[in-house]
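Read through the structure below, which is laid out as structure tokens, and then see the notes.
Here, each number is a calculation from the coordinates, and none is a lab measurement. Values in this document were obtained by computation on a predicted structure and should not be read as measured data. Note that each Cβ is placed from the backbone with ideal geometry, even for glycine, and that neighbours are counted across all protein chains shown.
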Amino acid sequence: MTDPSPSETGGVSEADIAIRAEGVRKVYRCYDSALAPAIEALTGRRRHRERIVLDGIDLTIRRGEVVGILGRNGAGKSTLLKILAGTLERSGGTIEINGRVTAILELGSGFHPDYSGRENILMGGMCLGMSRREVASKLDSIIDFAELREVIDQPFRTYSTGMQARLTFSTAISVDPDILIIDEALSVGDARFQMKCFNAMRRLIEREKTILFVSHDVNSITALCDRAVILDGGRIIFNGIAEEAVSRYHQLLFDPHPVTPPPISSSTGDSLRKAPYHTRYGDGPLQLISWGVQGPQGKTTPSVAVGSRCSLFMTLHCHQDIDAFSAGFVIKDRRGIILWGLNNYTAGSRLFAAKQGELISIRVDCTIRIAPGEYFLTVGTALPDGKRIDFIENAESIKIEGEVSVITDSLVCMDESLHMKISRKT
Ligand SMILES: Nc1ncnc2c1ncn2[C@@H]1O[C@H](COP(=O)(O)OP(=O)(O)OP(=O)(O)O)[C@@H](O)[C@H]1O
């Protein structure tokens, strides 16, 4: 499952490299008791087990690249970021970092709980490499960005988790780093602050800064990253286009041992060839045999007009009795952002059941109100515990045709109308 990144195959010049890790390893010594290290030191007899947390990480990141890191809990993501940020020693391998690095690793790390927010900005900023004068000159803008002026002289320990995240992010981003390393820090703040952080990150991206960030939120990965790597068991098991990484990460989460795909007979013919980054997983007692979009006349079509009625459908072949399952459809854009989705739970409908040998058709009738462009349909079925039965991510490409007349950037077309009302002041 390891794919070379475009940059690693494309012969990156030395001047273009922001981060280069080669053969990076992290091994922890695990002892069974608190006394064991002392006994080991005194007797010279080994009393520890080795735990390999990172096992030969090779990763090259070019200047201006935005790279996401995905992986299950315990995969080694935070360990890798800490090593790259220089806050944790590696056990082996080499690292080259070119540029000023700012890392947001653990919430409030480097911040003293008893010091006020203001004192922590000064201390934290200096820890991040700014001079006292530099931090002092940025103090107001940091406080304003964090929106914490009213409590800035209160002790840091009295801040809520979200407030701590705001102060941490605001201080870190003020450094104007060449390389920003972020570990899940954005997930803590409220939605409005998250949006502010994303905008700040976008501004860094526009200025071609390098960003490396860990998130379990796949939408942020596809929205911001050019490339993503998947870490598993301390190794990189995928390194490539962000959308494909997300697809493979879902497969890893929901079905690490994919079935051999059954023969495909999508009604639109070669749909899996048309839709890039498709992945199929599940252990298949219920097998998807066709799926797609039907136009107003009930004919399968690869394209529909904005605002027209259509149906999304899937046909399943049942190989054994299933008491309860859900079926779902998702539409994503080219960056992998989920625009719409529906399943039994979100539709508020009862779970389905099926008997061996049955052919089952499931359909969603809808009016397409998404801006013209190319989108991807994901179809799948799952058991009540969430285990995937047969799931195909990006199974079909759907072309939505029409004209976007007013706001050309908008993705969603609402059933809108514009009104004006004038009333006279008496
Ligand atoms: N000091 C330590 N001693 C021994 N093992 C450790 C130590 N610190 C971390 N580990 C182990 O290293 C592994 C990787 O941890 P890490 O925090 O990097 O994972 P992660 O991918 O960031 O996970 P999560 O998504 O849960 O944050 C875990 O199995 C963890 O238990």
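Return one number: the angle in degrees, 0 to 90 and rounded to the nearest 10, between the long axis of the Cα atoms of helix 132-146 and the longest principal axis of the Cα atoms of the chain.
Once rounded, one gets 30 degrees.
Please state the relative contact order of the chain as a whole percent: Cα pairs under 8 Å, 6+ residues apart?
Details: 883 pairs, mean separation 59.0, N = 426.
Normalised by residue count, the contact order of the chain is 14 percent.
Quick check: net charge around Cys225, other residues with Cβ under 10 Å of its Cβ, Lys/Arg +1 and Asp/Glu -1?
-1
How large is the charge dipole for the stretch 20-129, taken about the Cα centre, if only the Cβ atoms of Lys, Arg (+1) and Asp, Glu (-1) carry charge, to the nearest 20 debye?
280 debye
For Arg29, what is the net charge nearby, where nearby means another residue's Cβ is under 15 Å from its Cβ and Lys, Arg count +1, Asp, Glu -1?
+4
Among the GluC sites (Glu not before Pro) in the stretch 193-256, which ones are in a DSSP loop with at most 14 other Cβ atoms within 10 Å of the Cβ? Mind listing them?
Within the stretch 193-256, the qualifying GluC sites (Glu not before Pro) (loop, at most 14 other Cβ atoms within 10 Å) are Glu208.
So how far, in whole Å, is the C-alpha centre of the stretch 216-253 from the one of the stretch 331-385?
For the stretch 216-253 versus the stretch 331-385, the Cα centre distance is 23 Å.
With a sphere of radius 11 Å drawn around the Cβ of Val379, what net charge do the other residues whose Cβ falls strictly inside it have (Lys, Arg +1; Asp, Glu -1)?
-2
Based only on other Cβ atoms within 10 Å, what is the fewest-to-most ordering of Val412, Val53?
Numbers: Val412 9, Val53 19.
Ranking Val412, Val53 by Cβ neighbours within 10 Å, fewest first, gives Val412, Val53.
What number, in nm² with one decimal, is the all-direction average of the projected area of the convex hull of the alpha-carbon atoms of the stretch 1-158? Walk me through the numbers before you get to the answer.
Details: hull surface 55.7 nm².
Value for the stretch 1-158: 13.9 nm².
What is the dipole size for the chain, taken about its Cα centre, with +1 at each Lys and Arg Cβ and -1 at each Asp and Glu Cβ, in debye to the nearest 20?
480 debye
Fewest Cβ neighbours within 10 Å first, please rank Cys366, Cys30, Cys127 accordingly.
In increasing order of surrounding Cβ atoms, one gets Cys30, Cys127, Cys366.
Return the percentage of antiparallel bridges among DSSP beta bridges fully within the stretch 261-401, rounded to the nearest 5 %.
95 percent
Let me test this: with uniform point scatterers at the alpha carbons of the stretch 79-180, what is the Debye-based log₁₀ I(q)/I(0) at q = 0.13, 0.21 1/Å?
For the stretch 79-180 at q = 0.13, 0.21 Å⁻¹, log10 I(q)/I(0) is -0.46, -1.04.
Can you tell which of Phe111, Val214, Phe376 lies farthest toward the positive end of the dipole of the chain, using +1 and -1 charges on the Cβ of basic and acidic side chains (Lys, Arg; Asp, Glu)?
In the chain, that residue is Phe111.
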